[in-house]
Each structure stands twice: as structure tokens, then as C-alpha cells.
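The values are calculated or read from the model by the stated rules, or taken from the named source; none is laboratory data. All values derive from a computational prediction rather than experimental measurement. Neighbour counts run over all protein chains shown; Cβ positions are idealised from the backbone, glycine included. Protein only, heavy atoms only, side chains kept; ligands, DNA and RNA dropped before computing areas. Shrake-Rupley method; radii C 1.70, N 1.55, O 1.52, S 1.80 Å.
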Amino acid sequence: MRRSSPLRLAAAAIVAVGGLSLPQPASAAQTAPGERQAAFAEAAKAYNVPESVLLGVSYLESRWDANAGLPSNSAGYGPMHLTDAAALTTENHHVDGVEDPRGDDSRPLSAPEETPAPAEIPMSLRTLEKAAELTGASRDELRADPAANVRGGAALLADYQKQLGAPLSDDPGQWYGAVARYSGATEADAAKFFADEVYATIETGAERVTDDGQKVALRAAPGLRKMDSWLDKLGLRRPVRDGVECPPTISCEWIPAPYQALPNGSYGNHDLSNRPVNQQIEYIVIHDMEGYFGPSVNLVQDPARAASWHYSLRSVDGHVAQHVKTKDVAWQAGNWYVNAKSIGLEHEGFLRTGGAWYTEAMYRTSAKLVRYLAKRYGVPLDRAHIIGHDNVPGTIASTVQGMHEDPGPFWDWAHYFQLLGHPLHGTGGPTTESVMILPDYDKNQPYYYGCDKDNPEAACLPHGSASIWLRTEPREDAPLVKDIGKHPTGDSLYSVYDHSARAVTGQRYAVADRQGDWTAIWYLGQKAWFHNPASQPTAVPSKGLVVTPKPGLASVPVYGRAYPEAEAYPANVPYQAISPLQYTFPAGQRYTVGLTAVGEYYQAVTLDPSQHTVVRGKLKYYQIQFGHRVMFVKADDVVLSAT
């Protein structure tokens, strides 16, 4: 695809999302910074809903953001996440790479991607229709006008309260049932999780500046008495939690992936193991589904489909389905070494739709689940261990180009780590020789194209992003740095699907140079520049370990997996070649270290788990942040030092 010119769309431009044409709303500069707060107060008064309840529900849906009038991944609009089924796209599981999800040379898989039949659209994805009926506002107005959207949400809450036979009381605790229903959940636990998170937000309070510059605050109201008996009147189903590995505070059910023989002599769709007894779990991998929850859950239940993952998370309410036991190995990351040492979470959504945002409910559920898993298995809460699918390296040179790129530049890593209880922050001073990428998500709005599937070369609408562009020189019009693995010939692209020249929030890099407002890092064997002004920094100092080639070596190879030396393999297990990637790590450059590993390979090529073998050697590796993806170097090839 040709690189589109990085021009911003005009404020009056029309954007097509999922086949629906919408006028772009007014920019933040045209809106007074207190209008959103006033809209909540006015809507609460008009529909006799406690203002704190209205603010709390909106925070759990959108964090009060307008999201440029574009729908979430579950078709929800505006601060109140009013859902409109017409905005749902018809696609599912877009293939943003051609990776083999198992990622094991010893058992290559070639099952094609499958597209399931569309699932029936539930009423929870049609609340905008009801809000239009209750308020008299048009659907277009409810989608595009945040104030009208807030009124629609207030009207829905009041209507839910009346249907429950509950009073339109000034007491926020009396609204528990209506809040639970607002979640759109069909499971009692999911509705309870949503309501409990709303009430926790009301008790602690919150304030922030929204994506469109609105200052909104919710005053803390500690000691609320929640009338959770109203939950029983909703008549929601109670899914089976037997066997699930989830914290009790989230909604979780067991929907198992199959483990069975296939007619062709193969088997699917995961491997049994005994982690962490036989292998330490080192990673938790964050994916997006590139599809919707229901069809994706159907896919993971197909034994013939050569892909699986441990957990699926639903956008509208954060509900979780577990498919594979955490002791077992799912085929999810496209790299067998990483698969054997990781747990995979698939989040409902699409990386390309910049305006299709992830709900706060899903972020919070995901963070609670990851925090639980990390504590259980001793996984550090940092970006060397909590990684995106887009950070997983190719296994060998030939697989690099096809690796996937989700969850993409619109996943808010900084907010996610705040929810994990480990906010990302700098360490050290201005002379520290390594940095952590940490832009302000809402203010950082880089140019991308490729968000509109019907017009793939069109510029994406400006949107907050966790990624920054990397250039060959310290100037805005300089070319992007190159990635010879992703693009053996040709340039890096501004496509939302191309991270060849991007660094993302939480990643640490060694500093290569500084000039004025620009900082250079070592990246894929080259110097990569990014704009980093003191007035709005995109990176912060970050002390840590780095490696550089040993004296006398012109360069050292980098690898996509940390496999053992040949001598470690028993006679019945074929040696897995330690094959370098196409990149080189030249003398004089430095790369940050995320973890230390000892060579390991899990042989699992039969249905019978008694025939599986863990091969563990003595060869020592360091995981380094070499480009957008992590990679490995042999410890014997490098010198370790601190910045």
C-alpha cells in the first residue's frame, strides 16, 4: 500500500465507521471545559437520577470521554455508552498477519482462518433506540452530542428504576439494580461487577480532563449503603464458575476449548502441560480479538481451528470466559517459546478502528484478572512481562513479516498499568542513559491511515495513542526508520497495522543521542529519533540494565526464542536449531534488558501428554527491547551494565 500523506481531516469531515456515516463533532477548542459537568447536573435533575450515580455509570463506561462521537467495540456511543446495533461492523477476525499461532517449527500448522456466522444482536446493544424514544432526541444527536447522550443515559437509568419498582430516590444506594441493568450484562456476576465498580468509584470519587478537554469531577461519597437486593429482581443467568481461575470479584465462566484427536492424525487446539511445575510462566500476553466476543468464543471451541487462548473478555461489561487452564499451553502468540511460558487474554475489539474504543469495564476486569494471575505465578508487572501480541518476536527470520500487531496503538497501556496498581513512571534524572516511552495518551495523537476498511488509504481521525513515531533524523519531516524484517524492501508505513517505526508506552530503550527537543534511541540496529519536548514529554528517564556487544565483536546476533544448546537434548527429542533473526546488534549500541532466561524447549507434538518433554539447557540469554518487539541475545555475546 502506498503511504498516504499525513494530513489531518477537517473538523467538518464525514467519517464512515462500520458502514455508518457520522458527522465529526465539534473540537474540544469549540467547547467550554465545564460543559460536560453541567450536562450531568442538568440531566440528573431532569430525570430524578442522583448526579453521583449518573457520573459513576458514565465513568465505568467511558471515563466521561466523548471518543469523537465514534462507537466502542460493542457499538456504544458517547459518555453514557448508548449502544446502537447499526454501528456493528460485519467483519470478524481480520487477519493482520499470517502467523502460525502455535509457532513451533517441529509441528507447523496451516489451518485457514475461519469466519463464523454473525451472532444474534442482544438488546444490550440497542439502548440508543430506547434512549431516543425516552428523550425525543434523534439517534444522530444521541451519537454525536455528548450532552444529549448524557440525557439519554439518565433517561435509561430512570426507566430501569421504574421497571424494577424502585423509587426515584435521592439516595444513590437505592439505584443499585438500575445500575446493574445498565451494564447490559446477561450474567448476574457481570452485572454485579459493573455495579460494584460504579459504587466503588462513587465512594472514592474521581476527576479528570476528558479526551475533548472537559474537566469533570465526581465528589467522593464514602460509606454508601448499596441496596444490592435489587439485583435478584433482574432475573439474570448465573454461569458455572466451577474450575475457573479468576478472582472472585469479576464475572467469569468456564467455556472449555477442546483437546481431541483430529481425522488427519493431528490434534487440537492446545497442549496439556503442568505449569509452573515443569515451566515457569513468564509472560501475560494482551491481544484484541479482531472480532466480537460471541463469534470468537465459538471459534475457540472448534478443535480443527489451530488457535486457542486462555481467556476471552467482553467489551460491554467486562465478562470473562476461560477456555484453557493456565497450567496448559494455548496456541495464541505465534511463538512456541512464548506460548509455552505465557497466558493469553483476548479482548473484544479491533485494532484498526481508532474511534472504536475499549470500555472502562473491560479494562478494569482485565486488570483485575492480570493482577490475580501475576500474583499467582510471580509474573512481574512491567512491560517486559506484560506484553502485547505485537511485542512477541518472530521465531525465525522467515516468520517475522507475518507476526500479528494487536492490540495496536490505541490500547491505553498507561491507564492499564494504573489499574494494575503499578503505574508507569520515570526513575533517574535527565542524564540517565535509558528512557521509558510514556506519552500523554489523550494528547498524543499521531497520524495513522487504515482505520476505514472501505477507504483504507484515508487518514484516521485524530485519536489518543500509546505509540510514537521514530524517524531517521531529529525533524518532523524525516523518513521513518526501517524494519528489514517487516519490510525486506521498501519503507515503513504510517498504517495503523504497521509498527515498524513505532515505540509504545512502557517500553524501555537505551538513549543514543539528544538534540534539543529530540531524543534518539537504539532501535533495530539503528539510531531512531522521536520528539520529546520538556513541555510535553513523550518519554521519561528510566534506570535499568543494558547490554552491549563484548569487546572485539563487530556485532552479535539476535534471536526470537531462547532455545537450549544442542547438548541439552535427549536422544528422543530432535534438536531445535538456534536460528538468528535477520537483524544485527552492532558494536557501540546498547539495548535495555527485560529479563534473564535459560534455554528451554517444550516438545509437545502428540495428543498424549505423557510423551511431552521439557528440554532445559545451560545457555543463558537476555531478553532485550530491540525494536517494537522483544528479542533475545546470548549472555556470552554481550556485556551487562547499568544506566
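Here the condition is being out of contact with any His (no Cβ under 6 Å at 6 or more places or on another chain), open to solvent by 60 Å² or more (accessible area, probe 1.4 Å) and assigned to a loop (DSSP other than H, G, I, E, B); of LYS226, LYS233, it holds for LYS226 alone. If you check HIS347, HIS287, HIS323, HIS270 for being in contact (Cβ under 8 Å) with a residue 60 or more places away in the chain and farther than 26 Å from GLY560 by Cα, only one passes: HIS323. Residue-level analysis places VAL324 outside the set of residues that are in a helix (DSSP H, G or I), open to solvent by less than 10 Å² (accessible area, probe 1.4 Å) and touching a strand residue (DSSP E or B) at 6+ places or on another chain (Cβ under 7 Å). Scan the stretch 558-604 residue by residue and report those that are over 19 Å from GLY485 (Cβ atoms) and touching a helix residue (DSSP H, G or I) at 6+ places or on another chain (Cβ under 6 Å). Listed by number, the residues that qualify are TYR575, TYR602. If only residues of the stretch 59-95 that are within 26 Å of ALA200 (Cβ to Cβ) and more than 21 Å from the chain's Cα centre (by Cα) are counted, the one that is modelled with the lowest pLDDT is THR83. Checking each residue in the stretch 448-490 for being among the hydroxyl-bearing types (Ser, Thr, Tyr) and open to solvent by 20 Å² or more (accessible area, probe 1.4 Å) picks out THR472, THR489.
Of the residues THR505, THR399, the single one that is crowded, with 21+ Cβ neighbours inside 10 Å, under 24 Å from VAL379 (Cβ atoms) and under 23 Å from the mean Cα position of the chain (by Cα) is THR505.
Looking only at the stretch 186-223, residues that are part of a loop (DSSP other than H, G, I, E, B) and open to solvent by less than 10 Å² (accessible area, probe 1.4 Å) come to 2 in all.
Residues in the stretch 341-392 that are more than 20 Å from PHE193 (Cβ to Cβ) and in a helix (DSSP H, G or I): TYR377, HIS389, ASP390, ASN391. For the stretch 462-485, does any single residue satisfy the condition of being among the charged types (D, E, K, R) and touching a Cys at 6+ places or on another chain (Cβ under 9 Å)? Within the stretch 462-485, none of the residues are among the charged types (D, E, K, R) and touching a Cys at 6+ places or on another chain (Cβ under 9 Å).
Listed by first and then second residue, the pairs linking a residue in the stretch 450-462 that is farther than 20 Å from ASN67 by Cβ to a residue that is open to solvent by less than 20 Å² (accessible area, probe 1.4 Å), with Cβ atoms under 8 Å apart and 6 or more places separating them unless they lie on different chains, are PRO456/TYR449; PRO456/GLY450; GLU457/SER4; GLU457/TYR449; GLU457/GLY450. Where strands (runs of 3 or more DSSP E) fall entirely within the stretch 532-606, those with at least 1 residues that are more than 19 Å from LYS620 (Cα to Cα) and open to solvent by 20 Å² or more (accessible area, probe 1.4 Å) are at 539-541, 580-586, 591-603.
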